[in-house]
1. Each label point is 7 Å from the Cα along the Cα-to-Cβ direction; what then is the distance between the points at K173 and S211, in nm?
2. List Y246, Y220 from most exposed to least, where exposure is judged by having the fewest other Cβ atoms within 10 Å.
3. Grab the Cα-Cα distance for Q150 and S271, subtract it from 0.36 nm times how many residues apart they are, and report the gain in nm with one decimal.
4. Around P65, what is the net charge, scoring Lys/Arg as +1 and Asp/Glu as -1 over all other residues with Cβ under 10 Å from its Cβ?
5. Quick one: how many lysine pairs in region 146-284 have C-alpha atoms under 23 angstrom apart, if they're 8 or more apart or on different chains?
6. For a footprinting-style exposure proxy, rank C152, C20 by other Cβ within 10 Å, fewest first.
7. What order, most packed first, do the peptides 33-43, 156-166 have when packing is the mean number of other Cβ atoms within 10 Å of each residue?
8. Would you kindly work out the equivalent ellipsoid of region 149-285 from its C-alpha gyration tensor and give its semi-axes, the square roots of five times the eigenvalues, largest first in whole Å?
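Every number in this text was worked out from the coordinates using simple rules, so none of it is lab data. None of the values given here were measured: they were computed from a predicted structure. Because the Cβ atoms are built from the backbone with ideal geometry, glycine has one as well, and the counts that use them run over all protein chains shown.
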Amino acid sequence: MAQKKKSSKKKNSTLFAAACVLLGLLIILIVFLVKKDQIFTNLKETAFFDKVFGSTPTAIEQHEPAAPKKTETIPLKNDEVTIKIETEDAAPSKPAEEVVSICPSDYSTTGDNSSSESANASTVAKEKKEEPKKVESEKKPAATATTELQLCFVNIDGDGSVVRQLVKRKVSKSDSPLTTSINLLLKGPDTTISAERNLMSLIPAGTKLLSAKVQGGVAYLNFNEAFEINTYGVEGYIHQLEQIVYTATAFSTVSSVQFLIEGEKRDYLGSEGVLIASPLSRSSF
């Protein structure tokens, strides 16, 4: 009796173990079916069968991973209704999406047209409002700053007398206006300007300004040797000095001019002996 009871107990234990094994296999089968694509993909990518058995089964070799689902959103225009249909691609290279746009105006009645037009007008107005403001006018290039300089030339009147003539010239601003004005003076009158058309300069041709500085109200102007040669004699020397003094002292910071030749102070200018040892002002003429 005890042996029969023991045999029954052993049989029940065997059936329970078999049921557990069967349940485990069933779970593994379900997991396999759910993760089949991923398992095949991993086996193919890792070459598991090649490493273990030396060859990969055809089913795994030809396995292609399922394409992910794709969605696309198309912005609505006016009152369009967008219907989005998602399908799973058979292969990554073949999109299987379809977007159908239905415009309410296709099925609206006559009474709805006014509503549709009103909505369209509202949309257009909104787009215009959101549109960035355009620049009303292109930026104009900044105008070059100008200044007015006073130059001193001479004129010969009817009786042959030399008359001093002051003119104003508008030029671009510079950091050294004194140097600019003296260089313009050395170039002579601009015949394209009506006010300078009949004027002349008695400063010797070839004269160049080598340097210029202002200290204590005195402008130290350094010229080359050509400044010493004036073919008009004493009167020519006097008026060339006068032209430069009147041009330089047009600046409020300059009251007189000290003339230098090649960087040196000379007592006299030219062979005629015009005194230039000390600074000359407008009262010197």
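1. 2.8
2. Ordered by Cβ neighbours within 10 Å, fewest first: Y220, Y246.
3. Computed gain between Q150 and S271 is 40.5 nm.
4. -2
5. Count of close lysine pairs: 13.
6. So the ranking, lowest neighbour count to highest, is C20, C152.
7. 33-43, 156-166
8. Over the Cα atoms of region 149-285, the ellipsoid semi-axes are 21, 19, 13 Å.
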